[in-house]
Amino acid sequence: MERKGTETGLAAMAASYEKFDPAAYLQYNYTPPRADFERKDSVVPWKLACLHRAFNEADVSGELLVDIGSGPTIYQVLSGCEVFSKVLLTDFLEVNRQELRHWLQDDGGCNLDWTPYLQHVCKLEGRRPSECALKAAKLRQVITDILPIDVHQSQPLAKDALPSGGADCLVSCFCLESVSPDLSAFTRALGNIGGLLRPGGHLLLIGALGESYYFGGPDVRIPVVPLTEAQVCESLKEKGYTLIRLEVYTLPEDMKVGVDDVTGVFFAKARKN
Ligand code: SAM
């Protein structure tokens with residue numbers, strides 16, 4: 001009975017993604033005010049700073065970085081591409097993988113110009129913003145593939161997608177809570193993706209706090225499991241991660257732009273036991 005309920009919940013979740021619109025999603029979340037590089041309290045610069053710091057800590061190292069549920073975005077690997085020589089992008093939806101391929105192939109088909117993001121991360125790295133073309137080239141060079149993923153499967157990627165030892169590092173932003181019908185599905189998904197990571201490897205997890213829905217397009221209301229900081233910490237512990245650091249951002253009122261009901265964002269750096 002319980003298993004049937006779980007399957008129904010996951011099927012309903014997958015159905016809510018059928019009309020996901022990458023262009024609208026990018027517009028809602030990755031343009032000002034949420035991505036205002038002139039403002040210190042804008043959420044995108046906050047996320048980029050967390051990722052920059054984590055990827056530049058000596059314990060985060062190795063060869064292979066896997067981004068779980070990339071969506072149509074690349075900001076989450078702009079720092080990691082300087083540390084890892086191979087980066088795999090993944091998403092459940094073909095429309096999102098297509099958006100990523102447009103960027104990778106530089107064919108002019110992208111729905112967002114990532115230049116300000118590249119410039120901002122160059123600045124964080126102490127480089128001139130004009131070096132952003134070098135960073136773009138570096139990222140294109142290290143991305144080895146863009147693969148389908150389902151975090152609700154015990155084996156989320158195709159069988160031979162990763163080396164047998166697993167990835168050295170996972171990054172995942174706003175994926176698990178926005179694809180899980182409830183807290184136990186979120187926690188299970190954390191365990192499933194942990195299977196892709198080598199013991200001692202790191203998980204850099206960014207996600208929404210207190211969010212019950214977001215819009216993935218004009219009429220595409222996607223349910224989200226509302227999380228607290230304590231639940232994130234407990235789920236990580238339950239699935240065999242050691243939490244190294246948790247940072248929290250509280251959304252300023254003018255960043256609540258009617259595309260979701262998020263109240264805050266967490267960044268967790270954790271290590272697989
Ligand atoms: N990582 C991006 C970001 O930071 O903006 C996108 C996050 S978006 C809120 C959630 C993503 O999860 C979407 O790209 C969606 O296609 C993907 N997704 C939906 N169902 C999934 C599943 N079962 N497994 C993995 N990813 C899924």
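Note the full-extension length gain between T144 and D36 as 0.36 nm times their separation in residues minus their Cα-Cα distance, in nm to one decimal. Intermediate values should be presented prior to the final figure.
Numbers: separation 108, 0.36 × 108 = 38.88 nm, distance 3.02 nm.
Contour length minus the Cα-Cα distance gives 35.9 nm.
Under a 10 Å cutoff between Cα atoms, tell me which one of T31, T187, T90 has the largest fluctuation in the Gaussian network model of the chain.
Maximum among the listed residues: T31.
Looking at the chain as a GNM with Cα springs under 10 Å, which of V232, V179, V248 has the largest mean-square fluctuation?
Greatest mean-square fluctuation among the candidates belongs to V248.
Where the centroid of each part is defined by its Cα atoms, how far is the range 199-273 from the range 16-73 in Å?
12 Å
Ignoring everything except DSSP H segments at least 4 long, calculate the 222 nm mean residue ellipticity for the chain; use -39,500 (n - 2.57) per segment, divide by total residues, nearest 500. Mind showing how you got there, number by number?
Values: 8 runs with 91 residues, N = 273.
Rounded to the nearest 500, the figure is -10000 deg cm²/dmol.
In the neighborhood of G240, defined by Cβ-to-Cβ distances under 13 Å, what is the net charge if each Lys or Arg adds +1 and each Asp or Glu adds -1? Present the calculation step by step, with values, prior to reporting the outcome.
Values: positive: R188, R198, K237, K239, R271, K272; negative: E234, E238.
For residues surrounding G240, the net value is +4.
Given the Cα-Cα distance of L124 and E18 and 0.36 nm per residue of separation, how much length would full extension add, in nm? Can you show the working numbers first?
Numbers: separation 106, 0.36 × 106 = 38.16 nm, distance 3.67 nm.
Between L124 and E18, full extension yields an extra 34.5 nm.
Identify all aspartates and glutamates with a Cα-Cα distance to K19 below 14 Å; exclude those on the same chain that are fewer than 8 residues away in sequence.
E94, D219
Among rounded, prolate and oblate, which fits the range 1-272 when a ≥ b ≥ c are the square roots of the eigenvalues of its C-alpha gyration tensor, a/c under 1.5 means rounded, and a/b larger than b/c means prolate? Could you put the intermediate results ahead of the total?
Details: a/c = 1.33, a/b = 1.15, b/c = 1.15.
Rounded shape, in that the Cα axes give a/c under 1.5.
Within the set of other residues whose C-beta is less than 12 Å from the C-beta of E131, count the net charge using Lys and Arg as +1 and Asp and Glu as -1.
On the way: positive: K123, R127, R128, K135, K138; negative: E82, E125.
Charge balance in the 12 Å sphere: +3.
I want to check the label-to-label distance for A158 and E57. Put each point 7 Å from Cα in the C-beta direction and report it in nm to one decimal.
A separation of 3.4 nm, rounded to one decimal place.
Would you mind computing, in nm to one decimal, how far apart the modelled labels at E131 and L104 are, each placed 7 Å from Cα along Cα→Cβ?
Here the modelled spin labels are 2.6 nm apart.
Between E234 and T263, how many nm apart are label points set 7 Å from Cα along the C-beta direction?
Label-label distance for E234 and T263, simple model: 1.6 nm.
For every other residue with a beta carbon closer than 13 angstrom to the beta carbon of C50, add +1 if it is Lys or Arg and -1 if Asp or Glu, then tell me the sum. Before the final figure, lay out each step's value.
Working: positive: K47, R53, R245, K269; negative: E57, E247.
With Lys, Arg at +1 and Asp, Glu at -1, the net is +2.
Step through the residues of the range 98-105 one at a time and calculate ³J(HN,Hα) from phi using the Karplus curve (6.51 cos²θ - 1.76 cosθ + 1.60, θ = phi - 60°), rounding each to whole Hz and writing x for Gly and Pro.
5, 4, 5, 5, 4, 5, 4, 8
Bear in mind these aren't lab numbers, they're just calculated from the coordinates by the rules spelled out. Quick caveat, the model's predicted, so the values are computed rather than measured. Because the Cβ atoms are built from the backbone with ideal geometry, glycine has one as well, and the counts that use them run over all protein chains shown.
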